[in-house]
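Have a look at the structure below, then the notes.
The values are calculated or read from the model by the stated rules, or taken from the named source; none is laboratory data. Please read these numbers as outputs of a predicted model, since none were measured by experiment. No Cβ is skipped: glycine too gets one built from the backbone with ideal geometry, and neighbour counts run over all protein chains shown.
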Amino acid sequence: QVLIQRAKKRLENLEFFQTVNISTAPGSQPDQVVLIVDVVEKSSGDFSIGGGYTTSGDESGPSVEGSITEKNFLGRGQYLRLSAGTTLFNDQNYQSYGLSFTEPYFLGERISAGFDLYKRQSGVTDKYQTDTTGGSIRFGLPIGNDLTAGVAYNLSQQTITIDDAALTAAGIPDPTQVSQAYIDAAAQGAWVKSSVSWSLIYNTIDDVKNPHDGIYAKFEQEAAGLGGDASFLKTTFKSSVYKTLSEEQDIVGLVRVGGGYIKELGSNGLSVFDTFQNNTDMIRGFSSAGIGPRDTRVTDSDGSFIGGTTYLNATAETQFPIPLIPDSVGIRGAVFSDVATLFGNDSSYAANTDMQWRASVGASIMWASPFGPIRFDYAVPVLKVDGDQVQNFNFNMSSKF
């Protein structure tokens, strides 16, 4: 029965079927049974389009993104996704494109193979903008039922452009408006990264859409230096543990920990493109790239954070149904507490490089919508450092383990 339930859960996690039922019938021998798998198919393709409005100080602008996803391309279980988006911010039009494809049984073997291509433009602040173009080729090999190994080759090119708002009257970048680290990166031109990465993933999550029990753990290393400018060894790990605290009340506990460290290997040093920057996966309640080492000569926090070489983070969360809302709607609530630290930077422009902890508490609303999982977070920092950038509200459309 344990193996049958495991097979049922794996079929459901494919997201090809609306329902999966497994029954038995007498076999040809007394010690044998016939398994009858009864499924109801559902559409495996999605078309989505969304919009938003970004604000940052006096700057604002609309954004729109659309994507087409097919999880069972040509009926072969292949995954294909095309996406495109545009954001109007700081009087500039930033565009992004992406193409991903995965073959789950490469050459008829239990090996997945795929590739990703992308181009992203972003105006992080009104001080500088980034342009990234790249791609990867990846392979995955299952080791047993719960452990998977992966390897990939990655190639990307990144550039920084200093905006007019960070230039002096003579047209020279002003180090009091944007960090000298970004000015140097812009003067250097394209930063090319050629790397190989490998990973191990352990996954016993019972339901990817609504996890109640199980462990998700990932260890990954990336070695750059196969040509290009970047030369480093980056190590990251993360682990999430789900546990049902009350079956009757449908209350679920979650503990998540993670960390990373990057070691320079070559003589080119670490670029601002290579260091770790915080995001909502690390800690909520703070802006993206809003904590950690920074250039204190910059009078405005925007454009001053230059990333760190080490980070550690942890989350404790309790998820529960919301009273008076039927379970069929798929809306749940959560309360959480996050802690994180981001530190270490050998740049001569860096300050606040020592380990300093940040912490936040907050509440969330999670919706298993027809368009995919949607989550709204509101977090309040309870421990921060002078100069940190606060962002209380966060919204995302993804499942994260």
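Filter the range 368-401 down to the residues that are hydrophobic (A, V, I, L, M, F, W, C) and modelled with pLDDT of 80 or more and list them by number. Ala368, Ile374, Phe376, Ala379, Val380, Val382, Leu383, Val385, Val390, Phe393 - these are the residues of the range 368-401 that are hydrophobic (A, V, I, L, M, F, W, C) and modelled with pLDDT of 80 or more. Taking residues in the range 208-229 that are under 19 Å from Leu11 (Cβ atoms), and partners anywhere that are small (Gly, Ala, Ser) and at pLDDT 95 or above, the pairs with Cβ atoms closer than 9 Å and at least 6 places apart or on different chains are Pro211/Ser240; Gly214/Ser240. Filtering the range 282-291 to residues that are at pLDDT 90 or above and either in a loop (DSSP other than H, G, I, E, B) or surrounded by fewer than 19 Cβ atoms within 10 Å (Cβ to Cβ) (or both) leaves Met282, Ile283, Arg284, Ile291.
Flag: Gly75 does not match the condition of being at pLDDT 80 or above, surrounded by fewer than 17 Cβ atoms within 10 Å (Cβ to Cβ), in a strand (DSSP E or B) and out of contact with any Asp or Glu (no Cβ under 9 Å at 6 or more places or on another chain).
Let's see how each residue does on (1) out of contact with any strand residue (DSSP E or B) (no Cβ under 9 Å at 6 or more places or on another chain); (2) in a loop (DSSP other than H, G, I, E, B); (3) of a type outside the set (Phe, Trp, Tyr); (4) free of Cβ contacts under 8 Å to residues at least 40 places away in the same chain:
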position: Thr299; (1), (2), (3), (4): yes, yes, yes, no
position: Thr318; (1), (2), (3), (4): no, no, yes, no
position: Val335; (1), (2), (3), (4): no, no, yes, yes
position: Ala340; (1), (2), (3), (4): no, no, yes, no
position: Ser347; (1), (2), (3), (4): yes, yes, yes, no
position: Arg375; (1), (2), (3), (4): no, no, yes, yes
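The selection criterion, being touching a helix residue (DSSP H, G or I) at 6+ places or on another chain (Cβ under 9 Å) and either surrounded by fewer than 14 Cβ atoms within 10 Å (Cβ to Cβ) or not in a loop (DSSP other than H, G, I, E, B) (or both), does not hold for Ser364. Quick one: count up the residues across the range 143-192 that are in contact with a Ser or Thr (Cβ under 7 Å, 6 or more places away or on another chain), touching a residue at least 24 places away in the same chain (Cβ under 8 Å) and of a type in the set (Asp, Glu). Number satisfying all stated conditions: 1. Among the residues of the range 310-341, those that are of a type in the set (Gly, Ala, Ser) and under 28 Å from Ser287 (Cβ atoms) comprise Ala314, Ala316, Gly333, Ala334, Ser337, Ala340.
Only one entry in Lys218, Lys234 is more than 27 Å from Ala334 (Cα to Cα) and modelled with pLDDT of 90 or more, namely Lys234. When residues in the range 218-235 are screened for being surrounded by fewer than 19 Cβ atoms within 10 Å (Cβ to Cβ) and either in contact with a helix residue (DSSP H, G or I) (Cβ under 8 Å, 6 or more places away or on another chain) or not polar (S, T, N, Q) (or both), 9 of them pass. Does Thr87 qualify as being assigned to a strand (DSSP E or B), under 21 Å from Glu12 (Cβ atoms) and in contact with a strand residue (DSSP E or B) (Cβ under 6 Å, 6 or more places away or on another chain)? Taking the combined requirement at face value, the residue does not satisfy it. Looking at the structure I just gave you, is Ser360 closer than 30 Å to Ala186 by Cβ, of a type in the set (Ser, Thr, Tyr) and either touching a residue at least 40 places away in the same chain (Cβ under 8 Å) or out of contact with any strand residue (DSSP E or B) (no Cβ under 6 Å at 6 or more places or on another chain) (or both)? When the stated conditions are applied, Ser360 does not pass them.
Within the range 247-281, the set of residues being at pLDDT 95 or above, farther than 17 Å from Thr310 by Cα and of a type outside the set (Val, Ile, Thr) comprises Gly253, Leu254, Arg256. Looking across the range 236-270, the residues that are outside any strand (DSSP E or B) and either surrounded by fewer than 16 Cβ atoms within 10 Å (Cβ to Cβ) or within 21 Å of the chain's Cα centre (by Cα) (or both) come down to Glu247, Glu248, Gln249, Asp250, Leu265, Gly266, Ser267, Gly269.
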